[in-house]
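Shown next, in structure tokens, is the structure this report addresses.
Nothing in this text is a laboratory measurement; each read-out follows from the coordinates by a stated rule. Here the structure is a predicted model, which is why all the values come from computation and not from measurement. Here the Cβ positions follow ideal geometry from the backbone for every residue, glycine too, while neighbour counts run over all protein chains shown.
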Amino acid sequence: MTKSAFQLPIFHPDYRYPRAKNPYSEKLKGFQGRVLCDQDTEKHPGSWKSEFQKTEKLDESSSDALLHVELGCNAGHVIVEWANQNPKDFYIGVDWKFKAIHKAAEKAQKRKLSNLMFFRAHSERVQYMFGPQEIDRLYLFFPDPWPKKAHWKHRYITERSLKELQKLMKPDGIFHIKTDHRGYFDWMREALEKCKSEWEVLECSFDLHQNHPDPESLSFPEVTLFEKIFIREKLPIHSVKLRVRTI
């Protein structure tokens, strides 16, 4: 029997999202194009800057804007602040949780941020959301570490995903990753060793805030909500910044 489009692996090109039963699914429709869900997030790969420009009727100077994408943006604690502080750039936050995206969109709407959109979607499908060399800055902060060995197959950062993400980045594009889980961080570094032709490591830290005089004073967007908790618990933050290699 042939698998249906819903039963295929999430990263498969023919995968289709099942009909959402979450009560927040309907509520997200009220944000008038500022929130896209499921298959709608894959309608304009390579053209998201143009979509921002059409929606807001921006002038041609906006063509110099950078496109920032945060995978796993949660309730938008960081990306809303970024968009507010940098109105000339464009921002897209991606998360699979309906309620989290709803909270994020409410914050953006309250601040009247026209340079920010949210995607309710799986990060595993990012290669279908964006086109080649479309993203200027990419962020992944505190992804699920899947600590049990039996679950390592679910970890997002792998050699395969790093090579797929590299294709979506502008030449010299930057990718910043943070995690509190040392085991996952070592896993990431091993994957990066296999991707030296795609990515250059600009910065690597096993304790990002070690030299800060008062890390507990840090707030959004310097740190995420989870990061604030980890700092309070004296857990070291592991961080790596990558740049796309150019030929």
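Here are a few things to note about the model shown:
- Long pairs among LYS196/LYS228; LYS110/LYS241; LYS54/LYS99; LYS97/LYS178; LYS170/LYS228; LYS54/LYS194, criterion Cα-Cα beyond 29 Å: LYS196/LYS228; LYS110/LYS241; LYS170/LYS228; LYS54/LYS194
- Using the Cβ-Cβ distance between SER219 and ASN22 with R0 = 51 Å, the FRET efficiency computed as 1/(1 + (r/R0)^6) comes to roughly 0.95.
- Annotation for GLU81 and ARG160: the two label points, set 7 Å from Cα along the Cα-Cβ direction, are 3.5 nm apart.
- Point-charge dipole on Cβ atoms (K/R +1, D/E -1) for the chain, about Cα centre, debye to 20: 900
- Each of GLY76, PHE226, TYR15 was placed along the dipole of the chain (beta-carbon charges, centred on the mean Cα), and the one lying farthest toward the positive end is TYR15.
- A simple spin-label model places pseudo-atoms 7 Å from Cα toward Cβ; at GLU233 and LEU202 they are separated by 2.9 nm.
- For the chain, average projected area of the Cα convex hull in nm²: 15.1
- Each other residue within a Cβ distance under 10 Å of VAL69 adds +1 if Lys or Arg and -1 if Asp or Glu, for a net charge of -2.
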